Structure formats: C-alpha cells, structure tokens
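Step one of this worksheet: look at the structure below.
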Amino acid sequence: MEEWYHYVLLIGVGFVVGFINTVAGGGSLLSLPVLIFLGLPPSVANGTNRVAVVIQTAMATAGFKSKGVTTFPFNIYLGISALAGAIIGAYIAVDIKGETFNKILAIVMIVVVLIIMFKPKMKLAELQERITGKYLWIGIIAFFFFGIYGGFINAGLGFIIILFLHYVNQLTLVRANATKVAVVFIYTVSALVVFVLNDKVNWKVGLILAIGNGTGAWLASRVSVNKGDGFIKTFLVVMVVLMAIKLWFFR
C-alpha cells in the first residue's frame, strides 16, 4: 500500500464504517473487503480491522458519555462476559464455506428487519429498564456467546446486540447503542491482543483506518443522541436490508 490515494480511501471508508457501526452495525462488511483489496491477507485484514474498531468504539463511548448517555456498570458486566467469549472466538477456526456463511448471515439480517418492522411498538414512556436481577444474568450469558462471534469476525453483530438490549433489557435505542459501543470496545481489545500475538496486524494500515473510524463514530454518537430513537430505527432498517442484499448476491 504505497499510493497516496490508498490512505485517502482508508480514511474515507473508515469514516463511513465508524458512522455505520455506531448507529447500527455491519460496517466491517465494508472495511474488510477494502483491506483485502489493498493487498492484506484475510486473516491480517481481520486483525488490522480490530485496531480501527477499538479506536472507533472508544470515541463513540466518549461521545455518548459527553451527552450524558451511559449504562455503567451494566455495560461493564456485559463487556467482561463478552471479553471471555471473544478470546475463544478469536482462536476458533470455523470450517464453513464463505458463500454458505454469507447466505446464513443474510437470512439473519432479514429476520432482524422483520423484528424491527413488526415487533409491537414500545412507547418510550412505557420502557422500564431491566438491567438487574435475572435480566442482568440473561444478558451476561447472551453476551458471552455474542463475544465468541465477535472475536471470530464481528461483522453484523451490532444489529443483534441493539435489538437484544432494546427488547430484552428494554433500553431505548439510544441507550442500547451507548451500551453496545462500550461492550464492543471491551471485547475487541481482547480479540486484538490475540491477533497481535499471532502477528496478524498491520499497524500502519490499522491506525490510518482508525482515523476515519474514530471521526465517524464520534459524529454518529452525538447525532444519534440528538435525533433519538426514530432516526436509529430508520437507519437500522436501511442498513440491515443493504447488508442482507450484499451478503446474498455479492461475494
């Protein structure tokens, strides 16, 4: 990667990915192909992408906190559970054809759209957060398995996390997003360590990509708080449909 426009491409793609990942999810389905296109082996692209995701989620978490949106210590409990799963996921080699995997993930994305569109609407005034007791433990168990997938490849997980937190723990979409980015930051750090120990990270490329990711994430965190749940719901539906089409029809 020696051409000057490669750096511009990385920062531009990173900005878009950082915004998408913070408001919804699935941004890695864009950044990973770009990294591979620039000549990185798939495993190195996967590890390098984690550098940008760590910076992205750190900036998004700071952005949400600057707007007074945080679910501490709930997000820490979920993050620690996901961290344990991510270490396992980063070491797992899944014996599945790429095309089959993409189609399965596309089906999951369509299911997510249906849930968003047809789930009985919960009015914000009726939401009563369930982040203690049995619902805390349900979250801890679920996020361990989310962490396994997140450690393996991570792409598309943000959609599922947001919906889980919204419908199971009854967080508003804004607070679910704030929780998501904090949790992803925690478990991605552990996954990144595994990739670093196995020499699967190109730091130069990762840090350049991170400039864009971090900037996009900071902007998205503040926009999503200002715009509220309606904006996030619309953005979620659009992004899930686009990602499902991409996964099903384009390899």
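Bear in mind these aren't lab numbers, they're just calculated from the coordinates by the rules spelled out. The structure displayed is predicted, hence computed values, not measured ones. Note that each Cβ is placed from the backbone with ideal geometry, even for glycine, and that neighbours are counted across all protein chains shown.
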*So what's the back-of-envelope 222 nm ellipticity for the chain, counting only DSSP H runs of four-plus at -39500 (n - 2.57) apiece and dividing by all residues, rounded to 500?*
-27000 deg cm²/dmol
*What length, rounded to one decimal in nm, is gained on full extension from residue 111 through to residue 134, with 0.36 nm per residue of separation minus their alpha-carbon distance?*
5.7 nm
*For residue 170, residues with placed amide H under 5 Å, excluding near neighbours*: 130
*Roughly how tilted is helix 28-37, in degrees to the nearest 10 and between 0 and 90, from the longest Cα axis of the chain?*
0
*asked:* Could you tell me the relative contact order of the chain? Use alpha-carbon pairs under 8 Å, at least six residues apart, and round to a whole percent.
replied: 45
*For residue 228, enumerate residues with amide H under 5 Å from its amide H, sequence gap 5+ or separate chain, H modeled in the peptide plane.*
none
*Taking every eigenvalue of the Cα gyration tensor of the chain, multiplying by 5 and rooting it, what semi-axes result, largest first, whole Å?*
27, 19, 19
*asked:* Suppose every Lys and Arg Cβ carries +1 and every Asp and Glu Cβ carries -1, with no other charges. What dipole size does the chain come out with about its Cα centre, to the nearest 20 debye?
replied: 640
*Segment residue 37-residue 234, length gained on full extension (0.36 nm per residue, minus Cα span)*: 67.9 nm
*Of the listed pairs 65/200; 65/134; 134/227; 67/134; 65/180; 180/233, which have alpha-carbon separations greater than 22 Å here?*
65/200; 65/134; 134/227; 67/134
_Separation of the residue 16 and residue 245 label points, Cα + 7 Å toward Cβ, nm_ = 1.4
*So what's the projected area for segment 131-251, the Cα convex hull averaged over all directions, in nm²?*
8.8
*Given H placed on each backbone N at 1.01 Å, which residues far from residue 156 in sequence or on other chains put an amide H within less than 5 Å of it?*
26, 27, 28, 29
